[in-house]
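Asker: Sending over a structure as structure tokens; questions will come in a sec.
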Amino acid sequence: MVEIIAHRGARSIAPENTLAAARRAWELGADRWETDVSFTRDGHLVLFHDDTLSRCTDAPARFGYPVSGEPVAFVRQEDSLIHYTLAELSTLDLGSVFLSTDPFSTIARGEIKEPALSAFKGEKIPTLEQGVVLTRDLGFQINIELKDHGNEPGPFSLAAQTLFIIKRTGISLERITISSFNHGWLNWLGTRAPEIEIQALVGDDDEIPLDFKDFSFKTYNVNAKLISEKGVGELKARGKKVNLFTVNDPHDFSRFVTAGADGIITDFPQQFVIKNKAIT
Ligand code: G3P
Ligand code: MG
């Protein structure tokens, strides 16, 4: 049965990479949620996708820096997450930005009901530890993507700190998968925590053809825009586990499932959890 993985949580119906998005994915019956992890300025790990804050948070207003060159008074110019401490990041509101931007038009279509909608207001950037603890307490599963922003404090520091925090929560390691486009970090983890499934992300850039190098990983999470059903079949013939990102179209979902995909990473778990049950 194909695994339904909620991309950044149920991000089409909740602010992405928040505890609310994770909870929503679990309530829907997704098998797992995917989330992105990055360092703060003071060495904490938070769940956040971009290396800049403006798209998903009220940072420009909160920290007073200009966006798009607008001539406003400001105290800081930086929009990069790595410039901020955990305490500073904890003041940011992702929920209000989700409510005002409605990034998937799900609010406009009436797909998110009260009181869930109002409850998003004030939703914060979670720490990795909060995300893992919630996953543990729900009995849910999590795919932690190690984001390589090129500004980490040491060569394997993000992998090492992530592993430390996972183990500190006491979560069963069977509930964890770790993915990254940085395959060196995954190899480092593979030797230190062989109990955790590692998943090699391939296809960071929609314009650059896939390169599986020596096919040394057991699991590949592949950009669905760059692979055909035949390509999925070839990976399966090599004995690989194959997850695809980011599949939001029902037709794509059906053809990849038919081709043998093991997992589908989607912004719309609410759509495919039902579909999944119908197909298998
Ligand atoms: O894990 C798949 C996907 O999350 C990778 O791309 O940019 O959404 O983190 P991105
Ligand atoms: Mg990701």
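Every number in this text was worked out from the coordinates using simple rules, so none of it is lab data. Just so we're clear, the structure is a prediction, and the values are computed from it rather than from any experiment. Here the Cβ positions follow ideal geometry from the backbone for every residue, glycine too, while neighbour counts run over all protein chains shown.
Asker: For Asp214 and Thr101 in the same chain, what is the full-extension length gain: residue separation times 0.36 nm, less their Cα-Cα distance, in nm?
Answerer: Going from the current span to full extension adds 36.5 nm.
Asker: Here is a further query. Using a 7 Å offset from the Cα along the Cα-to-Cβ direction at both Lys236 and Thr85, what is the distance between the two label points in nm, to one decimal?
Answerer: Calculated label separation equals 5.2 nm.
Asker: Under 10 Å, Cα contacts only: if you run a Gaussian network model on the chain, which one of Arg255, Arg11, Arg238 comes out with the highest mean-square fluctuation?
Answerer: Evaluated over the chain, the most mobile residue of the options is Arg238.
Asker: Relative contact order (percent) for the chain, with alpha-carbon contacts under 8 angstrom and 6 or more residues of separation?
Answerer: Relative contact order of the chain: 21 percent.
Asker: Comparing Gly150, Gly43, Gly260, which has the greatest mean-square fluctuation in the GNM of the chain with Cα pairs linked when under 10 Å apart?
Answerer: In this elastic network of the chain, the residue with the biggest mean-square fluctuation among Gly150, Gly43, Gly260 is Gly150.
Asker: Thr258 to Arg168: extension gain in nm, 0.36 nm per residue of separation minus the Cα-Cα distance? If you can, show how the numbers build up before the last one.
Answerer: On the way: separation 90, 0.36 × 90 = 32.40 nm, distance 3.94 nm.
Between Thr258 and Arg168, full extension yields 28.5 nm more.
Asker: If each Cα of the chain is one equal point scatterer, what is log10 of I(q)/I(0) from the Debye formula at q = 0.07, 0.09, 0.11, 0.13 Å⁻¹?
Answerer: At q = 0.07, 0.09, 0.11, 0.13 Å⁻¹ the computed log10 ratios are -0.25, -0.42, -0.63, -0.89.
Asker: Let me ask you something else. For Phe217, what residues show an amide H to amide H distance below 5 Å, using hydrogens built from the backbone and excluding near sequence neighbours?
Answerer: none
Asker: Expressed as cubic angstrom per residue, what is the convex hull volume of the alpha carbon set of the range 212-280?
Answerer: Dividing the Cα hull volume of the range 212-280 by its residue count gives 81 Å³.
Asker: If you don't mind, there's one more thing I want to ask. Among DSSP beta bridges lying fully in the chain, give the percent that are antiparallel, nearest 5.
Answerer: Of those bridges, close to 15 percent are antiparallel.
Asker: Oh, and also: Which percent of Cα pairs goes in each bin when the distances of the range 90-177 are cut into 10 angstrom slices starting at zero?
Answerer: The percentages, shortest bin first, are 14, 32, 34, 18, 2.
Asker: Let me know the shape class of the range 127-262, please: from the alpha-carbon gyration tensor, a ≥ b ≥ c as square roots of the eigenvalues, rounded when a/c is under 1.5, otherwise prolate if a/b is greater than b/c, or oblate.
Answerer: Prolate, since a/c reaches 1.5 and a/b exceeds b/c.
Asker: Could you give the longest part of the chain that holds none of the GluC sites (Glu not before Pro) found in DSSP loops with at most 11 neighbouring Cβ atoms within 10 Å?
Answerer: Answer - 1-194.
Asker: Under unit Cβ charges (Lys, Arg +1; Asp, Glu -1), what dipole magnitude, rounded to 20 debye, does the chain have relative to its Cα centre?
Answerer: 800 debye
Asker: For Ser118 and Asp249, what is the calculated FRET efficiency with R₀ set at 35 Å and r taken between the beta-carbons, to the nearest 0.05?
Answerer: For Ser118 and Asp249, the calculated efficiency is 0.70.
Asker: Among the lysines, which have Cα under 19 Å from the Cα of Lys113 when same-chain residues fewer than 8 positions away are ignored?
Answerer: Lys121
Asker: Subtract the Cα-Cα distance of His183 and Arg55 from 0.36 nm times their separation in residues, and report this length gain in nm to one decimal. Spell out each step's value before the answer.
Answerer: On the way: separation 128, 0.36 × 128 = 46.08 nm, distance 2.74 nm.
Gain in length upon complete extension: 43.3 nm.
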